Structures are given as structure tokens and as C-alpha cells.
Amino acid sequence: MSRQTWVWDRTTETLVPKEDFYARIYADTKAGPQIMRDIAPYRNVIDGKEIGSRSTHREFLKRNNVVEVGNEKPKLAPRSLPPVPGLRQDIARTLRDMKGR
């Protein structure tokens with residue numbers, strides 16, 4: 001017995017064989033599934049070894065516990081400034097001096 005994959009068609013509200021579903025979707029357009037090329041080989045900055053494929057790249061990131069940075073905003077830890085002795089008194093004195101002007 002062969003296995004087959006089915007897709008829920010929202011238009012007809014029925015299960016449709018995957019091949020028929022996608023054949024119908026792409027029949028009206030000349031578009032098709034996107035195929036991405038493999039990445040160009042590069043030397044990594046940690047140990048200088050060559051990375052030549054996406055799978056090697058993902059494994060390298062995981063092995064070295066590094067994150068690929070893109071356009072996302074970095075999550076910065078809140079900074080706490082070291083306490084400055086006498087800061088509160090300096091601010092109060094400056095405000096008092098400014099009131100007299």
C-alpha cells in the first residue's frame with residue numbers, strides 16, 4: 001500500500017491529494033516552488049575552517065553556540081550604572097543654585 005499526502009483545500013473544504021492541490025494553484029501562473037541555491041563557501045571566523053553548505057553552516061552555528069545576526073533588533077541587557085558617591089547631593093545643590101538665577 002502506497003502512502004499519499006493530503007492538503008486541506010479551504011475553497012472546497014475538502015481534503016485533496018497534495019499533487020492535485022499544488023497543480024491547480026500553479027496552473028494559473030507560471031510561478032512554481034522557490035528553489036534556493038546552496039551558499040557560497042566561506043571561511044568561518046572562529047577556527048578558519050571552510051563552510052561549504054547550508055547544513056554545515058547550521059551545524060557550525062549550533063556547535064559554537066553562535067547566532068547569525070540579520071536585521072532583527074538585538075536584545076540588550078539593561079545596564080546599571082555604578083553608584084556615584086554624593087551624586088544626589090550634587091544634583092540637589094545644582095537645582096538650588098539654578099533657582100536663584
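The values are calculated or read from the model by the stated rules, or taken from the named source; none is laboratory data. Since this is a predicted model, take the numbers as computed values, not measurements. Reconstructed Cβ throughout: ideal geometry from the backbone, glycine too, with neighbour counts over all protein chains shown.
Descriptive notes on the structure:
- From the options Arg101, Arg79, Arg88, Arg96, residue that is more than 30 Å from the chain's Cα centre (by Cα), charged (D, E, K, R) and at pLDDT below 85: Arg101
- Pairs linking a residue in region 1-16 that is of a type in the set (S, T, N, Q) to a residue that is at pLDDT 90 or above, with Cβ atoms under 7 Å and 6 or more positions apart or on different chains, are Gln4/Pro17; Thr5/Lys18.
- Region 49-70 residues that are in contact (Cβ under 8 Å) with a residue 40 or more places away in the chain and closer than 15 Å to Ile39 by Cβ, paired with ones that are in a helix (DSSP H, G or I) and among the aliphatic types (A, V, I, L, M) (beta carbon under 6 Å, 6 or more apart): none
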